[in-house]
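Accompanying notes for the structure given below.
The values are calculated or read from the model by the stated rules, or taken from the named source; none is laboratory data. Quick caveat, the model's predicted, so the values are computed rather than measured. As a convention, Cβ positions derive from the backbone with ideal geometry for all residues, glycine included, and neighbour counts pool all protein chains shown. Calculation scope for accessible area: heavy atoms of the full protein, side chains included, ligands and nucleic acids excluded. Shrake-Rupley method; radii C 1.70, N 1.55, O 1.52, S 1.80 Å.
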Amino acid sequence: QVQLVESGGGLVQPGWSLRLSCAASGSIFSISFMGWYRQAPGKQRELVATITSGDRTSYANSVKGRFTISRDNTKNTAYLQMHSLSPEDTAVYYCDAGIIPIATPTVIHYWGQGTQVTVSS
């Protein structure tokens, strides 16, 4: 069984930084893409950033230059470093990943349970 667990959310003031982590665990053969989405109250879930197995990254325009996605393949973990946070970044942040489980010849899309990020003075 495979699961994704996010951590690192919290309450910060505008302009502060925060780093989120997403750890994949279980019977994992390999991990393809990993990414972060967010969902603010009353809004649709939106893509924040993605990273491929070859470390190619992409970002939403709203976070370019402020957020950095990275991954540590030895730990099956993705990170989202966030700088210059503003109240508009307040949301539940979800991790997703395309994972090939052991003995399963296909990529399965998994989601984490989410971690709350609140930016407020």
Run LYS43 past the list (1) surrounded by fewer than 18 Cβ atoms within 10 Å (Cβ to Cβ); (2) outside any loop (DSSP other than H, G, I, E, B); (3) of a type in the set (Lys, Arg) and report the number of the one that doesn't hold. (2)
For the range 41-76, what are the residues that are over 24 Å from VAL2 (Cβ atoms) and touching a Ser or Thr at 6+ places or on another chain (Cβ under 6 Å)? ARG66
Step by step: first the residues of the range 31-56, then only those that are of a type in the set (S, T, N, Q) and modelled with pLDDT of 95 or more, then the one that is farthest from LYS75 (Cα to Cα). Which residue is that? GLN44
Mind listing just one residue for me: the one in the range 32-61 that is out of contact with any Lys or Arg (no Cβ under 8 Å at 6 or more places or on another chain) and aliphatic (A, V, I, L, M) and, of those, farthest from ILE108 (Cα to Cα)? ALA40
Filter the range 1-40 down to residues that are part of a loop (DSSP other than H, G, I, E, B) and touching a Gly at 6+ places or on another chain (Cβ under 9 Å), then give me how many there are. 2
Consider TYR59 carefully, then state whether it is within 15 Å of the chain's Cα centre (by Cα), surrounded by 14 or more Cβ atoms within 10 Å (Cβ to Cβ) and free of Cβ contacts under 8 Å to residues at least 12 places away in the same chain. yes
Residues of the range 1-26 classified as farther than 19 Å from VAL48 by Cα, modelled with pLDDT of 95 or more and polar (S, T, N, Q), total: 3
Checking PHE29 against (1) surrounded by 15 or more Cβ atoms within 10 Å (Cβ to Cβ); (2) touching a strand residue (DSSP E or B) at 6+ places or on another chain (Cβ under 6 Å); (3) not polar (S, T, N, Q), which single condition isn't satisfied? (1)
Hits in the range 75-117 (condition: touching a Lys or Arg at 6+ places or on another chain (Cβ under 6 Å) and either open to solvent by 50 Å² or more (accessible area, probe 1.4 Å) or not aromatic (Phe, Trp, Tyr) (or both)): ALA78, GLN81, HIS83, SER84, ALA91
